[in-house]
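Report on the structure given below.
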Amino acid sequence: MIEVRDLSKRYGEKLAVDGLSFVVRPGIVTGFLGPNGSGKSTTMRLILGLDAPTRGDVTVNGKHYRDHAAPLHEVGALLEARSVHTGRSAYYHLLALAQTHGIGRRRVLELIDLVGLHDVARKRAGQFSLGMGQRLGIATTLLGDPATVMLDEPVNGLDPEGIHWMRNLLKHLAAEGRTVFVSSHLMSEMALTADHLIVIGRGRLVADTSVEAFTQRASKRVVLVRSPQVEQLRDALVGPEVVVTLVDRELLEVVGLTAATIGETAAERGLVLHELTPQQASLEEAFMELTRDDLEYRAGEAAVAA
Amino acid sequence: MSAVSVPTIPRHERAVRVTQARVALSEWTKFQSLRSTRWSLGVGFLLTIAFPLLFAAVTANRWAHMSVHERADRHPLDIALAGVNVAQLAIAVLGVLVITGEYSTGMIRASFTAVPKRLPVLWAKLAVFAAVSFVLMVPAVLIAFAGSQAILDRHHLLQISLGSSGVLRSELGGAVYVMLVGVFALAIGAIVRNTAGGIAAFAAIFFVIPPLMNILPTSWNNAVSQYLPSNAGRQLFSLHHTAHNLKVLPGGLLFLAYCALAVAVAGVLLVRRDV
C-alpha cells in the first residue's frame, strides 16, 4: 500500500510533481501512466525518499520509507535510471545489497537463477545488455521478498520475449497479494498488464480509475465521411456536442455522432455519401486526448491566476 | 535467458532488518569486488616499499660523492618513509572513488534504497576504507624500513633502530597519516559527488595550496602554513620538528579535526541532498 498525499516537488523553476494524491492498493497491478517528463520517475524517487518532497507526504505500508527497519522487505524498486556499479559483477551487486538486511547468499543465487542470469552472474554489469540489466534490476527488486513492488518503465528496451516475461511476472506478483505499481508512457502496455490506472500529466493527477472505465471515458467516436457535398453536410451535422472538421475537399471527420445518425441525416437532406467509416479511437489516442486536455486546462488556469 | 514462464518467487520468511554491522559487511563486499580497488591498493602498497628501496640504493651509491652538508641532510627515516608521500595519492584517489564511483554509475540509488537513513552507508564506507588502508600500510612501512635499512647496512651507512626514540612512532604515524588522508579524501568525494572534482579538490588542498603559501611574506607563511591539513598531518611521521611546525600530538590532532570536519559536512549534505 502506497499513500501519496498532496505531493509536490520543485526543481528550481520546474514543478515536476504538483499536488499529487493517490493510493496504490495491494493485490492488483496499478499502472502509472503519463507522457515522458510528466513526473512519474520523480514521484517514485519521492516514494523511496531519494528526493525530499517540497510539499506533501508519502507513506509506504503506513510509514515513511526511510523509517522502516527493513526497507527492502517493504518495497522492491526498479528505477528507470540504472542503479548498478558498472565495474561490479551481478553476483556481488546483489550480495552487497542483500547483506545490508542480513539476507544470505542462498537467496542471491536463487534470484539469479530465477531471472535467468546464471551464466553471466560473474560478469561485470557494465557489459550487460539492456535486457540483462533489467533482469538484474528485477532480481534486486525481489531480494527482500517485498510487500510492494515498484517498477519504472520495466519493459523499456526489452525484446518481445522479455516483455512477455515481464508482463507475466507483474501479474504473478499481484496474484501473490503484493502491491504492484508500474509506470509506463505506453497506454497499450498498461492495457495489457494493469487493473487500475493512475494517469498524470505535467505532474498533476489526470485520472485515477479502472482501465475499462478509463478507455470508455476517454475514447470518443470518430466517423470519417466522404461526400461531394461536404459544405451542406457539415451544416447539417454541426451541433453543440458535435465537432466537424474538414479534412480535405471531400472528406469530413465527425466527432460526437454515430455513423447511423450521420447516414440518416444525409438521407433526410438528400445528400450523397461516398464513404461512411466509423473509427474506434485507440487506447493510445485516448491517452493522448486526456493528457492534452490536461495541458490546455493547465494553460488556461495559469492565465486566470495571472 | 529463455525462461518465459515465471516460476514461483521464493519467499524469504526469515525476519530481516538493517543494522550498522550488516551495512559494514555490505560495504566490505562492495569494496573488495571492484578491480579498481585491488589495483589502487596494490599500487599504493608497492610504491610505499619501492621508493624507499630506490632512495636507499641511490644514497648508498652516491654517498662517496656527497658533500658533508648533503650527507648531514640524509636521514634514514626520511628514506624509509619516502613511499608515504606517493601512497597518499593512491589512497586519496581510491578514497574519492569509493563514493563518487557510486554517484557516476547510479549505484548510490540502490545503496540509499537499501539503507534510506543513508548515514550508516557513510560510516561503513569510512570504517572499511580506514581499516583496510591502515592494515595495508603498517606492513608496507615496516617492510620499507627493513628493506631500506638492509641496503644501507651493506654500505654501513645511516643505521637506525626501530627501538630508537620516536622511530616506531614515526613508522606507525606514517600509516595513520595515510589512513586519515583516505578518510579526508572519502569525505571530500561525498561532498563533491564527482570523481574529477573530488580528486581536484583533494589535490588543491594537499598539493597546490601548500607551495602557494611561499608567495606570502615569510612571517605570514611561517605562521599559517603549519596549520594546513597536509603540514599538520605530516607531523605524525616526522622525527624532527622544526621551528615553524606543530609538534606530533597537536599536529596529529589538528589533522584529525580537519578529517572530522570534512566527515561532518559530508554527513549533513548526504542526509539533506536529493540523490
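Being part of a loop (DSSP other than H, G, I, E, B), open to solvent by 40 Å² or more (accessible area, probe 1.4 Å) and hydrophobic (A, V, I, L, M, F, W, C) holds for only one residue in B:Ala243, B:Ala223, and it is B:Ala243. Of all the listed residues (B:Trp63, B:Trp39, B:Trp28), the sole one being within 9 Å of chain A (Cβ to nearest Cβ), out of contact with any Gly (no Cβ under 8 Å at 6 or more places or on another chain) and open to solvent by 10 Å² or more (accessible area, probe 1.4 Å) is B:Trp28. Among the candidates B:Ile209, B:Ile199, B:Ile191, B:Ile205, the residue that is open to solvent by 60 Å² or more (accessible area, probe 1.4 Å) and assigned to a helix (DSSP H, G or I) is uniquely B:Ile209.
When A:Ala121, A:Ala96 are checked against the criterion of being under 19 Å from B:Ala114 (Cα atoms) and of a type in the set (A, V, I, L, M, F, W, C), a single residue qualifies: A:Ala96.
Hey, can you tell me all the residues within the stretch A:106-135 that are at pLDDT below 95, closer than 28 Å to A:Gly49 by Cβ and more than 10 Å from chain B (Cβ to nearest Cβ)? Hits for the stretch A:106-135 are A:Phe128, A:Leu130, A:Gly133, A:Gln134.
Residue by residue, here is whether (1) of a type in the set (S, T, N, Q); (2) free of Cβ contacts under 8 Å to residues at least 24 places away in the same chain; (3) more than 17 Å from A:Ala96 (Cα to Cα) holds:
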{"position": "B:Gly95", "(1), (2), (3)": "no, no, yes"}
{"position": "B:Val98", "(1), (2), (3)": "no, no, no"}
{"position": "B:Val115", "(1), (2), (3)": "no, no, no"}
{"position": "B:Trp123", "(1), (2), (3)": "no, no, no"}
{"position": "B:Val135", "(1), (2), (3)": "no, yes, yes"}
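Just so you know, in the stretch B:180-224 the residues that are among the polar types (S, T, N, Q) and in contact (Cβ under 8 Å) with a residue 60 or more places away in the chain include one that is nearest to B:Met137 (Cα to Cα), and it is B:Thr195.
Results for (1) out of contact with any Lys or Arg (no Cβ under 9 Å at 6 or more places or on another chain); (2) buried (at least 21 other Cβ atoms within 10 Å of the Cβ); (3) within 17 Å of B:Tyr103 (Cα to Cα), shown as yes or no for each residue.
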{"position": "B:Phe184", "(1), (2), (3)": "yes, yes, no"}
{"position": "B:Thr195", "(1), (2), (3)": "yes, no, yes"}
{"position": "B:Met213", "(1), (2), (3)": "yes, no, no"}
{"position": "B:Tyr227", "(1), (2), (3)": "yes, no, no"}
{"position": "B:Gln235", "(1), (2), (3)": "no, yes, no"}
{"position": "B:Pro250", "(1), (2), (3)": "yes, no, no"}
{"position": "B:Leu256", "(1), (2), (3)": "yes, no, no"}
{"position": "B:Gly267", "(1), (2), (3)": "no, no, yes"}
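Among the residues here, A:Asp152 does not qualify as within 14 Å of chain B (Cβ to nearest Cβ), within 18 Å of A:Leu48 (Cβ to Cβ) and out of contact with any strand residue (DSSP E or B) (no Cβ under 7 Å at 6 or more places or on another chain).
Helices (runs of 4 or more DSSP H) fully within the stretch A:46-149 that include at least 2 residues being free of Cβ contacts under 8 Å to residues at least 12 places away in the same chain and of a type in the set (Lys, Arg): A:105-114. Looking at the structure I just gave you, is B:Leu94 in contact with a Phe, Trp or Tyr (Cβ under 8 Å, 6 or more places away or on another chain), among the aliphatic types (A, V, I, L, M) and within 14 Å of another protein chain (Cβ to nearest Cβ)? Yes, satisfied. A:Glu161 satisfies every condition listed in (1) more than 14 Å from every other protein chain (Cβ to nearest Cβ); (2) surrounded by fewer than 22 Cβ atoms within 10 Å (Cβ to Cβ); (3) of a type outside the set (Gly, Ala, Ser); (4) not in a loop (DSSP other than H, G, I, E, B) except (1). Restricting the stretch A:67-84 to residues that are open to solvent by 30 Å² or more (accessible area, probe 1.4 Å) and within 7 Å of chain B (Cβ to nearest Cβ) leaves a set whose member that is nearest to A:Gly104 (Cα to Cα) is A:His73.
Scanning the stretch A:155-183 for residues that are among the polar types (S, T, N, Q) and touching a strand residue (DSSP E or B) at 6+ places or on another chain (Cβ under 6 Å) returns A:Thr179, A:Ser183. Residue count for the stretch A:273-282, restricted to those that are surrounded by 12 or more Cβ atoms within 10 Å (Cβ to Cβ) and either in contact with an Asp or Glu (Cβ under 7 Å, 6 or more places away or on another chain) or assigned to a loop (DSSP other than H, G, I, E, B) (or both): 3. Suppose the filter is open to solvent by less than 50 Å² (accessible area, probe 1.4 Å), of a type in the set (Val, Ile, Thr) and in contact (Cβ under 8 Å) with a residue 40 or more places away in the chain; does B:Ile143 pass it? So B:Ile143 fails the test.
When A:Gly37 is tested against (1) within 13 Å of chain B (Cβ to nearest Cβ); (2) not in a helix (DSSP H, G or I), just one condition goes unmet, and that condition is (1). Meeting the requirement of 1 or more residues that are at pLDDT 95 or above, the helices (runs of 4 or more DSSP H) wholly within the stretch B:40-131 are B:82-105, B:107-114. Scanning the stretch B:225-275 for residues that are small (Gly, Ala, Ser) and in contact (Cβ under 8 Å) with a residue 40 or more places away in the chain turns up B:Gly233, B:Ser238, B:Gly252, B:Ala262, B:Ala266, B:Gly267.
The residues listed here are A:Ala125, A:Ala175, A:Ala139; of these, the one that is open to solvent by 10 Å² or more (accessible area, probe 1.4 Å) and more than 22 Å from A:Pro35 (Cβ to Cβ) is A:Ala175. Could you say whether any residue in the stretch B:80-88 is in contact with a Phe, Trp or Tyr (Cβ under 8 Å, 6 or more places away or on another chain), within 14 Å of chain A (Cβ to nearest Cβ), open to solvent by less than 10 Å² (accessible area, probe 1.4 Å) and of a type outside the set (Lys, Arg)? No, the stretch B:80-88 contains no residue that is in contact with a Phe, Trp or Tyr (Cβ under 8 Å, 6 or more places away or on another chain), within 14 Å of chain A (Cβ to nearest Cβ), open to solvent by less than 10 Å² (accessible area, probe 1.4 Å) and of a type outside the set (Lys, Arg).
When the stretch B:1-25 is filtered for residues that are modelled with pLDDT of 75 or more and more than 7 Å from chain A (Cβ to nearest Cβ), the ones remaining, listed by number, are B:Thr19, B:Gln20, B:Ala21, B:Ala24.
The values are calculated or read from the model by the stated rules, or taken from the named source; none is laboratory data. No experiment lies behind these values; they were computed from the predicted model shown. Positions of Cβ are generated from backbone atoms using ideal geometry, with glycine treated the same way; all protein chains shown enter the neighbour counts. Ligands, DNA and RNA are excluded from the accessible area calculation, which covers all protein heavy atoms including side chains. Shrake-Rupley method; radii C 1.70, N 1.55, O 1.52, S 1.80 Å.
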